[in-house]
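Below is one structure, written out as structure tokens, with a few remarks after it.
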Amino acid sequence: MLAKRKNNRAWLLVLPVVIVVAFTAIIPIMTVANYSVQDVFSPTNRLYMGLDFFRQIATDPAIVDAFMRNLTFSTQILLIEIPLGIFIARLMPREGWKAAAALVIVAIPLVIPWNVVGVTWRILARPDVGLLGVGINQFRPFDIGNTPADAWFTMVAMDVWHWTPLVTLLVYAGLRSIPQAYYQAASIDAASPWSVFRFVELPKLRRVLMIALLLRFMDSFMIYAEPYILTGGGPGTSTQVMSILLSVLAVIQFDLGKAAAFSLIYFLFIQVFSFVFFTVLTLDERPGPTKASAKKQKVREREIRATATEGGNS
Amino acid sequence: MTTTNIPVVKGPSSGSYFDWRSWLFWFLMAVWSIPLLWLVSMSLRFNEDILSRFEVIPSRISFRGYTEFFTDPLWYGSFINSLSYTTMNMVLSVAVALPAAYAFSRYTFSGDKHLFFWLLTNRMAPAAVFLLPFYQMYQAVGLFDTTYAVALAHMLFNVPLAVWILEGFMSGVPKQLDEIAEIDGYKFGRFFLTIFIPMIRAGIGVTMFFTFMFSWVELLIARTLTGPAAMPLAVQMSTTSTAAGLDWALLSAAGVIAIVPGVIVIWFVRNYIAKGFALGRV
């Protein structure tokens, strides 16, 4: 491969993207920043507020509660989706038409419009006519419209159903890239299925698992359409996550300053997180012997040595 | 990637006479499909049956939901609205992203890493943050409640996605190709359009599918930027309550119809699906 050429005229090729994103991202964010520091009564009548809105946000129990709800939700779905995704990916057929069919079937929940996911689960969880609702009602009373715990349970179940396939696909792609030689070495060593998973597969899956973990965390942190359709944030505010609360503030209550300050904090939080994400992702791609690649090299040498000695013993 | 052709020991999924892994997998998939089968079953039932009795397999079948969907201009109109803004968005995003992805894959230039990261962060920004400014911006320029507004607004997340996927595909094309073309006297424009683009048509296809998909599934921005005239299918679906309550059969039928384009799409991109979703849901 030839090295990339240094050429600042490449900026001309990037220019259309920069212009588009400036109009769709920068200007809107500047508007938000502008609103967050002043109270706008009319285009000609506005009052500079300083950081007042930010202070209101930090102490508003509704917003703090929504934030905590998002955190709880993300933790719960991660604890379920990551192990379940790995489990399903290891069961998936690897060859032939079955592998293609399995890929397509696993991916179906991912291409369903998010509001249809909400509608599907709303129908499914109806305590009077839905399969899930009626099913649970046989054992204990279940009412998604009135019992906060039931609504929460349905929201988690819905997310697990919707997004575990993403984890599965990523892990499946990671598993496919493990050379057969590794499995051969493991079987020569008579490794148990558990140690094959623990010492051969898991280290190789580190990168895809990192992607899956971060994607799922951020996505669940921004979730909107599914719980909005499912319960509208109710009963009460029991499933009101931050995006739902923000859209109420911005579009329904039209509380511009507060919504803007909230938006900015929300935005910054995600930005910091994506910075971490990007750094982790590109860790292996940096030129030169990075820590990760040096470590990989060492592991490889150790594996080769181990295989050699094992072979000599038997 | 190393590939060995010696099938001595295969991966963990084969080797035993009773393939319990395979059985367990298909059983799990059956469980996974229950919500969708339920949706299909609801769409085929009579509203009075839905509300009066619980049954797993419908005792009588009605296609009223579907016929109503395709005869009511409000419904098929919203379907067309959704299709039109997703298509516009797909074409615009790919067109804008092509030269940029080429620049990222072929050259280093001042600030390229920062620019790439900055594009990426837009893909990850919560849509809810942009509601307020989008609403005012598109109202100010008179595009509110048109499909153009949604098509432009969705470029927020689809342009970075398109740049990213295309850059990956372009980096797979050897740079020698560019240099040979240059030596042969091709001007950049002609080289790009007649040689380079045909070479990465698979990548362009995959990018188009994913930009289509992510515009198709989005609800929040589409809902905020439209009124009655350009109402997308997703929004029309949340306004189905009549005096008699929700029209469950029609709502389910609309849900089934909204899933169809996505299912068609995954068949075409099944080999790129992990990568597309990894980048697409950033």
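FYI, it's all coordinate maths here, none of it is from the lab. Everything quoted here is computed from the prediction, not taken from an experiment. Heads up, the Cβs are rebuilt from the backbone with ideal geometry, glycines too, and the neighbour counts pull from every protein chain shown.
Applying a threshold of 28 Å to the alpha-carbon distances of A:Lys98/A:Lys204; A:Lys4/B:Lys187; A:Lys204/B:Lys175 flags A:Lys204/B:Lys175 as lying beyond it. Simple point charges give the picture: +1 on the Cβ of Lys and Arg, -1 on the Cβ of Asp and Glu, and for the stretch B:66-280 a dipole about the Cα centre of about 420 debye.
Here the residues A:Met242, A:Met210, B:Met170, ranked from fewest to most Cβ neighbours within 10 Å of their Cβ, fall in the order A:Met210, B:Met170, A:Met242. Considering helices alone, the calculated mean residue ellipticity of chain A at 222 nm is -22000 deg cm²/dmol, with DSSP H runs of length four and up weighted by -39500 (n - 2.57) and normalised per residue.
With the convex hull constructed from alpha-carbon coordinates only, the protein assembly as shown shows a mean projected area of 32.3 nm² over all directions. Per residue, the convex hull spanned by the alpha carbons of the stretch A:106-145 comes to 72 Å³. Residues in the stretch B:24-31 carry Karplus couplings, in order, of 4, 4, 5, 5, 4, 5, 5, 4 Hz; the curve used is 6.51 cos²θ - 1.76 cosθ + 1.60 with θ = phi - 60°, and Gly or Pro positions show x.
Ordering B:Gly189, B:Leu177, B:Ala101 by the projection of their Cα atoms onto the charge dipole of the stretch B:66-280, which places +1 on the Cβ of Lys and Arg and -1 on the Cβ of Asp and Glu, puts B:Leu177 at the extreme positive end.
Ranking of A:Ser192, B:Ser215, A:Ser274, A:Ser187 by neighbouring Cβ atoms within 10 Å, starting from the fewest: A:Ser192, A:Ser187, A:Ser274, B:Ser215.
Mean-square fluctuations from a GNM of chain B, with a 10 angstrom spring cutoff on Cα atoms, peak among B:Glu182, B:Glu68, B:Glu218 at B:Glu182. Here B:Phe192, A:Phe139 are placed in order of increasing Cβ neighbour count within 10 Å, fewest first, which gives A:Phe139, B:Phe192.
Entry note, chain B: the mean residue ellipticity at 222 nm calculated from DSSP H runs of n ≥ 4, each adding -39500 (n - 2.57), is -21000 deg cm²/dmol after division by the residues and rounding to the nearest 500. 3J(HN,Hα) along the stretch B:33-45, derived from phi through the Karplus expression 6.51 cos²θ - 1.76 cosθ + 1.60 where θ = phi - 60°, amounts to 7, 4, x, 6, 4, 5, 4, 5, 5, 4, 5, 9, 10 Hz, with x in place of Gly and Pro. This model, with +1 at the C-beta of Lys and Arg and -1 at the C-beta of Asp and Glu, gives chain A a dipole about its Cα centre of some 1480 debye. Applying the Karplus relation 6.51 cos²θ - 1.76 cosθ + 1.60 with θ = phi - 60° to the stretch A:259-275 yields 3J(HN,Hα) values of 4, 5, 4, 4, 4, 4, 5, 4, 4, 5, 4, 5, 4, 4, 5, 5, 5 Hz, where x marks Gly and Pro. What the Cα atoms of the stretch A:64-254 give is an Rg and a Dmax of 19.5, 67 Å. Suppose every K and R has +1 on its Cβ and every D and E has -1 on its Cβ; what is the size of the dipole of the stretch B:112-207 about the Cα centre, in Debye to the nearest 20? Computed about the Cα centre, the dipole is about 120 debye.
Rounded, prolate or oblate: which one fits chain B, using the alpha carbon gyration tensor with axes a ≥ b ≥ c (rounded when a/c is under 1.5, else prolate when a/b beats b/c, else oblate)? Oblate is the answer for chain B, as a/c is 1.5 or above yet b/c matches or exceeds a/b.
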